[in-house]
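*Asks:* Take this structure, written in structure tokens, and hold onto it; I'll ask about it next.
Values in this text are rule-based calculations from the coordinates and carry no lab data. Keep in mind that this is a model prediction, so the values were computed, not measured. Positions of Cβ are backbone-derived with ideal geometry, glycine not excepted, and every protein chain shown enters the neighbour counts.
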Amino acid sequence: MTLAELQHTSKRERHLRRRLAAQYLEEECGFRCSARQLAKLACAGGGPPMRYRNGLPYYPTNLLRSWVETGFGPPVTSTSENEQYQQKRALPRRRLTGLASAKSSNKRQSREPSPEARDHT
């Protein structure tokens, strides 16, 4: 079923799979978003609300529209105003560099024989 065919259905709330939800966002709301981006947002958070049926995600059209409308920040006249707004609502980011160094040190430690193994040789 295509988006054009969906427009001929009744005006009640519709539930769309990711591919059609992405197409709906672009054509009806003017917001470019791919199905892959929706999948990534579903995992990472911050995407539109969805419902599951038989393990498959469905996006209600009314929630897609409200997600687009609430996702924009307030109007600003300069980039510095936008930076101030972003700092107020920013979430703490995880540092991946510490994770990488911890993993590499674990690998180094596992290559060295344990003290108990050295005593038996």
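*Asks:* Tell me which of Leu20, Gly55, Phe72 sits at the most positive position along the dipole axis of the range 3-73, charges placed on C-beta atoms (Lys, Arg +1; Asp, Glu -1).
*Replies:* After comparing all options, I get Gly55.
*Asks:* What dipole magnitude, in Debye to the nearest 20, does the range 3-73 give about its Cα centre under +1 on Lys/Arg Cβ and -1 on Asp/Glu Cβ? Kindly include the intermediate steps, with their values, before the conclusion.
*Replies:* Values: 12 positive and 6 negative charges, 61 e Å.
It comes to approximately 300 debye.
*Asks:* Provide Ser34, Ser78 in ascending order of the number of other Cβ atoms located within 10 Å of each residue's Cβ, fewest first.
*Replies:* Ser78, Ser34
*Asks:* Next up: Taking the number of other C-beta atoms within 10 Å as the exposure measure, put Arg19, Arg53 in order starting with the fewest.
*Replies:* With the sparsest Cβ surroundings first, the list reads Arg53, Arg19.
*Asks:* Okay, moving on. Using the 10 angstrom Cβ neighbour count as an exposure proxy, how do Tyr52, Tyr58 rank, fewest first?
*Replies:* Details: Tyr52 8, Tyr58 16.
Exposure proxy ranking, most exposed first: Tyr52, Tyr58.
*Asks:* Hey, rough spin-label estimate for Ser80 and Arg53, points 7 angstrom out along Cα→Cβ, what's it come to in nanometres?
*Replies:* Here the answer is 5.2 nm between the modelled labels.
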